[in-house]
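Here's the structure, in structure tokens; my notes come after.
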Amino acid sequence: MLTRNFVLAWLITLFSFGNFYLLLATLPLYIVEIDAGEAQIGLIMSVFALTAVPLRILVGREADVWGRRRLILVGCLVMLASSLLYTWAGSMFSLLAVRILHGAGWAAFGTAAAALAADVMPPQRRGEGMGYYGMSMNMAMAVGPVTGIFILRSLDFTYLFLIAGAVAALSVLCAALVIEPKDHSPQQRGPLFEVPELFPSVLLGMLALTYGPIVSFLPLSP
């Protein structure tokens, strides 16, 4: 199970989630600096997910047609570019544009990387494998926000965005090393929705609703 592609998928997810969580707790503070109100903060933070959620549905089908490596690499490159563009975004509208771009990259990498990890898991060990794979997200969730706040207190937003870009660059490097599975062959696009997947999707969505607002607005508390 611990094959080259699985390890690379694990590292790609660690670095990409690290990039995401570095900015999740700190970007609201940047939005305040450009004189945006709470409503604007909520909009700018949520447009990331509003972009990523519908795109992930489409990317999931394309990963079966075009392959995992291509979508992972494109997604990681987009996340790298987005991280660097935050240094340029000094208004609400430019931040919205960068967040939309960032969400698109997130959708591409996240879906394809999970599919790549699942490709190498023996069916009888799939639960165990997903547990190992999920550790990468949990580690980034534990370390990313506090690291972002530490960087911001020690340096400034420019360095924060550059460091986030460097973390994203590590995911690009790992993505470039991925080998497309030899047994992967283009498949026909399936339906957009499958009924058995609706319950876990709704469940995860409800959990995210409790986490996202807290992390987004907690840094703004006195």
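If R0 is taken as 35 Å, the Cβ-Cβ distance between GLU62 and VAL143 corresponds to a FRET efficiency of 0.65.
Kirkwood Rh, the stretch 13-67, all Cα pairs: how many Å? Walk me through the numbers before you get to the answer.
Details: mean 1/r = 0.0763 Å⁻¹.
Roughly 13.1 Å, rounded to one decimal.
Normalised Debye scattering of the stretch 19-161 at q = 0.09, 0.13, 0.22 Å⁻¹ gives log10 I(q)/I(0) of -0.31, -0.63, -1.36, counting only Cα atoms as equal scatterers and leaving out solvent.
Sorting the segments 55-64, 154-163 by their mean number of nearby beta carbons within 10 angstrom, highest to lowest, gives 55-64, 154-163. For a paramagnetic label modelled on ALA166 (point 7 Å from Cα along Cα→Cβ), amide N atoms under 15 Å away belong, within the stretch 70-97, to 84.
Counting only other residues whose beta carbon sits under 14 Å from that of ALA104, what net charge do I get with K and R as +1, D and E as -1?
Numbers: positive: ARG56, ARG99; negative: GLU62.
Its environment carries a net charge of +1.
Peptide packing: for 175-181, 13-19, 77-83, 35-41, the average count of neighbouring Cβ atoms within 10 Å per residue gives the ranking 13-19, 77-83, 175-181, 35-41, highest mean first. Model label points for THR158 and GLU128, set 7 angstrom from Cα along the Cα-to-Cβ axis, are 5.1 nm apart.
Values in this text are rule-based calculations from the coordinates and carry no lab data. Just so it is clear, the model here is predicted, and its values are computed rather than measured. Virtual Cβ from ideal backbone geometry, glycine too; neighbours counted across all protein chains shown.
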